[in-house]
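Trainee: My questions will all concern the structure given below.
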Amino acid sequence: MLNLAVCVSGGGTNLQAIIDGIAQGSITNTRIKAVISNNPGAYALERARDHGIEAACISPKQFESRGQFNQAFLEKLDSIQPDLVVLAGFLVVLPEQMIQKYKDRIINIHPSLIPSFCGKGYYGLKVHEGALERGVKVTGATVHFVDEGTDTGPIILQQPVMVEQGDTPETLQRRVMEEAEWKILPRAIDLIANGKVQVADGKALVQE
Ligand code: GAR
């Protein structure tokens with residue numbers, strides 16, 4: 001059984017896709033042990049509680065320094081003893097200590113086809129603003145392992161999505177979620193839970 005800790009900052013639609021995937025059996029051998037947020041107002045916390053999942057908030061505002069926040073966050077994560085940490089719309093820069101400790105055990109969903117529209121400053125709606133500004137015709141989403149860089153870790157799954165005429169950042173964000181994110185994040189978790197993903201030479205090998 002793969003024990004998940006899911007880290008969230010906002011609405012939690014990707015968290016909901018994981019909860020539904022487990023309930024419907026498209027994700028097997030997996031349970032969500034806890035959901036952690038940096039944002040006390042995150043609706044994702046309510047989604048977790050509604051499903052009887054432990055929901056915790058560790059906010060930077062509770063601490064005097066970033067270092068103290070990082071330490072408290074890592075302590076909370078360690079107490080959950082997760083096999084896999086899922087960043088599902090978690091908009092916090094991870095402390096290096098956490099990345100090293102959980103090497104090849106943290107995955108992230110990003111709303112573009114990496115390496116486009118990723119890295120520092122590209123998160124949430126800003127990713128789709130960038131895609132529309134550049135005029136790309138195809139965008140999508142990526143699930144990847146997290147390493148020390150920003151959006152640079154081994155890519156597990158990607159799903160393309162067409163840009164349509166008249167798209168706004170909001171309509172494109174919604175389509176990328178529906179057609180890509182809510183499919184590939186549950187799928188990646190199921191593959192990992194069933195031993196079908198290995199990392200070698202900085203690349204993820206996936207047996208689909
Ligand atoms: C999702 O679109 C996710 O890909 C993005 O934040 C949104 C969270 O939505 N993540 C990033 O931009 C990470 N760089 P949700 O809270 O409804 O799942």
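Trainee: If each of Val136 and Glu179 carries a label point 7 Å out from its Cα toward its Cβ, how far apart are those two points in nm?
Mentor: 1.3
Trainee: Let me ask something additional. Can you work out the Karplus-derived ³J(HN,Hα) for every residue in region 14-28? Use 6.51 cos²θ - 1.76 cosθ + 1.60 with θ = phi - 60°, whole Hz, and x for glycine or proline.
Mentor: The phi angles translate into 5, 4, 4, 4, 6, 4, 5, x, 5, 5, 8, x, 7, 10, 10 Hz.
Trainee: Grab the Cα-Cα distance for Met1 and Gln68, subtract it from 0.36 nm times how many residues apart they are, and report the gain in nm with one decimal.
Mentor: Residue separation times 0.36 nm, minus the Cα-Cα distance, leaves 20.9 nm.
Trainee: For Ala204, what residues show an amide H to amide H distance below 5 Å, using hydrogens built from the backbone and excluding near sequence neighbours?
Mentor: Counting only residues 5 or more places away or on other chains, the set is Ile155.
Trainee: Also, I was wondering about something else. With angles folded into 0 to 90 degrees, how steeply does helix 182-193 sit against the dominant principal axis of the chain? Use alpha carbons for both and round to 10.
Mentor: 50
Trainee: Right, another one. With the crude spin-label approximation of a point 7 Å out along Cα→Cβ, what separation in nm comes out for Ser59 versus Arg105?
Mentor: Placing both labels 7 Å beyond Cα along the Cβ direction yields 3.0 nm.
Trainee: Tell me which lysines have Cα within less than 18 Å of Lys137's Cα, excluding those fewer than 8 residues away on the same chain?
Mentor: By straight Cα distance, Lys137 reaches Lys126.
Trainee: Out of residues 5 or more away from Cys7 or on other chains, whose amide H comes under 5 Å of its own, with H placed 1.01 Å from N in the peptide plane?
Mentor: Long-range HN contacts for Cys7: Ile36, Val86, Leu87, Ala88.
Trainee: For the chain, what is the charge dipole size about the Cα centre, in debye to the nearest 20, if Lys and Arg each add +1 at the Cβ and Asp and Glu each add -1 at the Cβ?
Mentor: Values: 20 positive and 24 negative charges, 30 e Å.
The calculated dipole for the chain is roughly 140 debye.
Trainee: Using +1 at the Cβ of each Lys and Arg and -1 at the Cβ of each Asp and Glu in region 77-123, identify which of Gln100, Pro111, Gly89 lies farthest towards the dipole's positive end.
Mentor: Pro111
Trainee: Accessible surface of Met162 in the full protein assembly, 1.4 angstrom probe, to the nearest 10 Å²?
Mentor: Using a 1.4 Å probe on the heavy atoms, I get roughly 110 Å².
Trainee: Provide the solvent-accessible area of Arg105, counting protein heavy atoms only and rolling a 1.4 Å probe, rounded to the nearest 10 Å².
Mentor: 80
Trainee: Please list 74-83, 122-131 highest first by mean number of surrounding beta-carbon atoms within 10 Å per residue.
Mentor: Working: 74-83: 15.3, 122-131: 18.7.
Highest to lowest by the protection proxy: 122-131, 74-83.
Trainee: Follow-up question, since we're still on this one. In whole Å, what three semi-axes, largest first, describe the equivalent ellipsoid of region 81-208 built from its Cα gyration tensor (square root of 5 times each eigenvalue)?
Mentor: Three semi-axes, in Å: 25, 16, 12.
Trainee: Related question: If I take R0 = 35 Å and measure r between the Cβ atoms of Lys120 and Asp50 in this structure, what FRET efficiency does the formula 1/(1 + (r/R0)^6) give, to the nearest 0.05?
Mentor: Details: r = 34 Å, r/R0 = 0.98.
Working from the Cβ atoms, E equals 0.55.
Trainee: Which pairs in the list Lys101/Lys183; Lys33/Lys101; Lys76/Lys183; Lys103/Lys183 are over 26 Å apart, alpha-carbon to alpha-carbon?
Mentor: Lys101/Lys183; Lys76/Lys183
Trainee: How far apart, in nm, are two points set 7 Å out from the Cα along the Cα-to-Cβ line at Lys76 and at Ala200?
Mentor: Placing both labels 7 Å beyond Cα along the Cβ direction yields 3.8 nm.
Trainee: In whole angstrom, note down how far apart the Cα centers of region 24-82 and region 93-108 are.
Mentor: Between the Cα centre of region 24-82 and that of region 93-108, the gap is 15 Å.
Trainee: Okay, next question. Given springs between every Cα pair under 10 Å in a Gaussian network model of the chain, which of Val161, Val93, Val197 has the largest fluctuation?
Mentor: Val93
Trainee: Here's a follow-up. Would you look at the GNM of the chain, springs on alpha carbons closer than 10 Å, and say which of Gln100, Gln165, Gln62 moves the most?
Mentor: Per the Cα network of the chain with a 10 Å cutoff, Gln165 tops the list.
Trainee: For the chain, what's the relative contact order in percent, using C-alpha pairs closer than 8 Å and at least 6 residues apart?
Mentor: Numbers: 392 pairs, mean separation 42.2, N = 208.
The value is 20 percent.
The values are calculated or read from the model by the stated rules, or taken from the named source; none is laboratory data. On a predicted model such as this, the values are computed, not experimentally measured, just so you know. Positions of Cβ are backbone-derived with ideal geometry, glycine not excepted, and every protein chain shown enters the neighbour counts. Heavy atoms of the whole protein, side chains included, go into the accessibility calculation; ligands, DNA and RNA do not. Shrake-Rupley method; radii C 1.70, N 1.55, O 1.52, S 1.80 Å.
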